[in-house]
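Quick notes on the structure that follows.
The values are calculated or read from the model by the stated rules, or taken from the named source; none is laboratory data. Here the structure is a predicted model, which is why all the values come from computation and not from measurement. Neighbour counts run over all protein chains shown; Cβ positions are idealised from the backbone, glycine included.
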Amino acid sequence: MNTPGNTLVVERASLSYGDRPIVTDLSLALPEGQVTVIVGANACGKSTLLRALARLLRPAGGQVLLDGRDVHTIPTRQLARRLGLMPQAPIAPEGIVVADLVARGRHPHQGLFGRWSAADDAAVAAALEATGVSDLADRAVDELSGGQRQRVWIAMALAQETSVLLLDEPTTYLDLAHQIEVLDLLARLNAERGTTIAMVLHDLNLAARYADHLVALRAGRMVAAGTPAEVVTEETVEAVFGLPCMVVADPVTGTPLVVPR
């Protein structure tokens, strides 16, 4: 599967925590410059797969490749310039202000003596602007709403200026309006910057609306991968989630919409 044009590729990876297997013999490729969403029931291996993509978990078998190189052979600072991660429910240092948190995204670009440059200033300003949080730059992160905090964390990832961005359930704990706000932001960043995005989402209908490419997991194995129209079928939804349903066209976007029976 290591074909030209695929930035991040998983080749026959088996993932486990100690002696407990989570993902078995899984292969996939993230289409470059597109939004990939990983879906599946609870405890199916979605977040575990994302951790492996981010080099936080070493496969027990197989490998994860970034531009043809095993991610575990790439120096940490070099990898951090290529691949950014927003974990599930990240925690900011107490009292830190927005601008300082976003500036932490520049650490992989600092030289040996950590000198701050005009390029760092420009990257932070651009990230604040892109995520619509410039007016919050002097606010303490712990004073912000959930939607604002998510945008700030995304801004930090953008300041890192990576070509690949991984997000583990970026809409967790957000109400529907803020979920849409965050997903609209990610879709816009993908369209404007061409960033390859992979994220885990629980809501299948939102996943179908925002994904270019869907990956459906069940019990640590890939059941289906492809466009939302190819993956979100009545048969696949029942196989993955155990949910009898109808699949109709979303009246706004035309993407698949799951209606439980």
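Details
- Sub-8 Å Cβ pairs linking a first residue in segment 129-143 that is touching a residue at least 24 places away in the same chain (Cβ under 8 Å) to a second residue that is in a strand (DSSP E or B), at least 6 apart or interchain, are Ala137/Val97; Asp138/Val97; Arg139/Val97; Ala140/Val97; Val141/Val97, ordered by first then second residue.
- Among the criteria (1) among the β-branched types (Val, Ile, Thr); (2) surrounded by fewer than 18 Cβ atoms within 10 Å (Cβ to Cβ); (3) over 17 Å from Thr162 (Cα atoms), the one Thr76 does not fulfil is (3).
- Selection status of Val215, of a type in the set (A, V, I, L, M, F, W, C), closer than 19 Å to Glu169 by Cβ, in contact (Cβ under 8 Å) with a residue 40 or more places away in the chain and not in a strand (DSSP E or B): no
- Filter result for Ala157 (among the small types (Gly, Ala, Ser), surrounded by 19 or more Cβ atoms within 10 Å (Cβ to Cβ) and at pLDDT below 90): yes
- Residue within segment 96-111 that is under 18 Å from the mean Cα position of the chain (by Cα) and modelled with pLDDT under 90 present: no
- Any chance Gly147 is outside the structural domain of Ala29 (by TED's automatic domain parsing), outside any loop (DSSP other than H, G, I, E, B) and under 30 Å from Val64 (Cβ atoms): no
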